[in-house]
Amino acid sequence: MDFQLPVILTAGLLFLLMFFIGVFGSRFKIPEVIVYILLGMVLASFISESELLYLVGEIGIILLFFMLGMEFPLKQLMNVAKKVTPAGTLDVILNIGVTMGIVLLFGLGVIEALLIGGVVYATSSSITAKMLETSKRMANPESEFILGLLIFEDLVAPVLVAILVGLTAGTALTAGAFSVIAFKVILLIAGAVILGQVLFKKLEKFFDKYLNYDAFILFVAGTALAYGGIALYLNLSEVLGAFLAGIMIAEVRKTEQLEHLIVPVRDLTLPIFFIWFGTTIEFGEGIPMIGLLITLVVWGIAAKLIVGVVGGRIYGLSKKVSLRAAFSLVQRGEFSIIIAALASAEVMVFSSVIILSTAIIGIILFQFAPKISRAFYPNKKPSKVKLPG
């Protein structure tokens, strides 16, 4: 006889377990992101096939990036994109290009090298954004650089996924296929700009009238989910779509009031994403290619440190702030999981260990980033002025 708990009972037990595990983690100063990922790994055999878990987690990550988009007016975003391109290019060269070279030296093929390069490439947008917020560093000067770099990666990663889908399917990608992908990205961005400037800029009276209605959260969340869904329909990133939706609605200039509506829903759904993330990590019968694994984990950390330090300086940050940014970029996440899912079973297990290792190490380094930067660049003590006599 097949025994199965009701969905509502399962959800209730999961929320209670998350609460107590979260309290345990905070008591021992373990970041809740790590705790939830590990919990997801433990519960994987029970909930890994749950489509509801995935859907709720997706809503959480979409709302997180929607709120981030509301913090970036269009003009400010354009300045960030222009400034972050050199750092983003360096990121691609080091984390994809050099990683591929290392993998080829260990004897793997070109497709495997590109897959693993893709896994190593992108910093986790969800983990990083959540850590910036919970550590109260969103107002720090490095946050704009970090978020700009994440946006750059969110534009590159869908293109990389499209290439890998074509290669793993055994079909070559033409220049026309690349053109289609570029057109989709431009179309998505252009749509957000036009809707923001033409429609939402004129909806201030509408927002004033309905903002205090309890059901207004449905309009706001619906906007975020719909544009994120359009991005998915175009085979792009839903977090990119959600971010652009936030930029659209930011034109109404009601960010603070809207955040009060969204935060409770986001805080309920976002932890589910990290639970789901943990359920996707499967070790199978063992960890293959230990030598390459250790090499890539070390290189993955070093590469992000270089991007943060060098890219941050090019961006215009001070040495101290650039170093703080560098130690905040190590964690890999959702895009790495998407790319790993395209690989063979052996490479998937290998990639899962890289993702988990860099996620845990990255979150720890993120916590200590301010202390590390102060150790290298201590605050200068004001010199004492000698009074005459």
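The values are calculated or read from the model by the stated rules, or taken from the named source; none is laboratory data. Keep in mind that this is a model prediction, so the values were computed, not measured. Methodologically, a virtual Cβ is constructed for each residue, glycine included, from the backbone with ideal geometry; neighbour enumeration extends over all protein chains shown. For accessibility, only protein heavy atoms count, side chains too; no ligands or nucleic acids. Shrake-Rupley method; radii C 1.70, N 1.55, O 1.52, S 1.80 Å.
Assorted remarks:
- Multiplying the residue separation of Tyr377 and Ser45 by 0.36 nm and subtracting their alpha-carbon distance yields 114.8 nm.
- Spacing of the two label points (7 Å from each Cα toward its C-beta) at Val165 and Val310, in nm: 3.2 nm
- For Val193, net neighbour charge (Lys/Arg +1, Asp/Glu -1) across residues whose Cβ lies under 13 Å away: +1
- Working from label points 7 Å from Cα in the Cα-to-Cβ sense, the Phe368 to Lys82 distance is 3.9 nm.
- Taking the Cα centre of the chain as origin and assigning +1 to Lys and Arg Cβ atoms and -1 to Asp and Glu Cβ atoms, the resulting dipole is close to 2320 debye.
- Longest site-free stretch - the chain; sites: GluC sites (Glu not before Pro), DSSP loop, at most 16 other Cβ within 10 Å: 50-281
- Cα gyration tensor shape of the range 218-335, rounded if a/c is under 1.5, else prolate or oblate by comparing a/b with b/c: oblate
- Restriction of the trypsin sites (Lys or Arg not before Pro) in the range 62-153 to DSSP coil positions whose beta-carbon has at most 10 other beta-carbons within 10 angstrom yields Lys136.
- Per residue, the solvent-accessible area of the chain (1.4 Å probe, heavy atoms of protein chains only, all protein chains present) comes to 49 Å².
- Built amide H within the under 5 Å cut-off of Tyr377, gap 5+: none
- Relative contact order (percent, whole number), the chain, Cα cutoff 8 Å, 6+ residue spacing: 30 percent
- Rolling a 1.4 Å probe over the protein heavy atoms of the chain, with every protein chain left in place, gives an accessible area that is 69 percent carbon and sulfur.
- Legend: residue pairs Lys83/Lys304; Lys130/Lys209; Lys82/Lys320, Cα-Cα distance threshold 25 Å; pairs beyond threshold, Lys130/Lys209.
- Computed over protein heavy atoms with a 1.4 angstrom probe, the accessible surface ordering of Arg332, Arg253, Arg374, largest first, is Arg253, Arg374, Arg332.
- With K and R counted +1 and D and E -1, the other residues having a Cβ less than 12 Å from that of Ala375 yield a net charge of +4.
- Convex hull volume per residue in cubic angstrom - Cα atoms of the chain: 196 Å³
- Cα-centre dipole for the range 101-163 with unit charges at Cβ (Lys and Arg positive, Asp and Glu negative), debye to 20: 160 debye
- Between Phe28 and Asn235, full extension at 0.36 nm per residue minus the direct alpha carbon distance yields a gain of 70.4 nm.
- Restriction of the chymotrypsin sites (Phe, Trp or Tyr not before Pro) in the range 58-160 to DSSP coil positions whose beta-carbon has at most 16 other beta-carbons within 10 angstrom yields Phe106.
- Estimated FRET transfer efficiency when R0 is 41 angstrom, pair Phe206-Leu16 (beta carbons, to 0.05): 0.55
- Sequence-separation-based contact order of the range 62-147, relative, with Cα cut under 8 Å and 6+ spacing, percent: 29 percent
- Helix-only arithmetic for the chain: the sum of -39500 (n - 2.57) across DSSP H runs with n ≥ 4, divided by the residue total, places the mean residue ellipticity at 222 nm at -24000 deg cm²/dmol.
- Positive contributions from Lys and Arg (+1) and negative ones from Asp and Glu (-1), summed over other residues with Cβ under 13 Å from the Cβ of Ile355, come out at -1.
- For the range 233-284, the square roots of the Cα gyration tensor eigenvalues, ordered a ≥ b ≥ c, give a/c of at least 1.5 with a/b no greater than b/c, which places it in the oblate category.
- Gap separating the Cα centres of the range 62-141 and the range 283-325, nearest whole Å: 11 Å
- Tensor-based shape of the range 31-154 (alpha-carbon gyration tensor, a/c under 1.5 rounded, otherwise prolate or oblate): oblate
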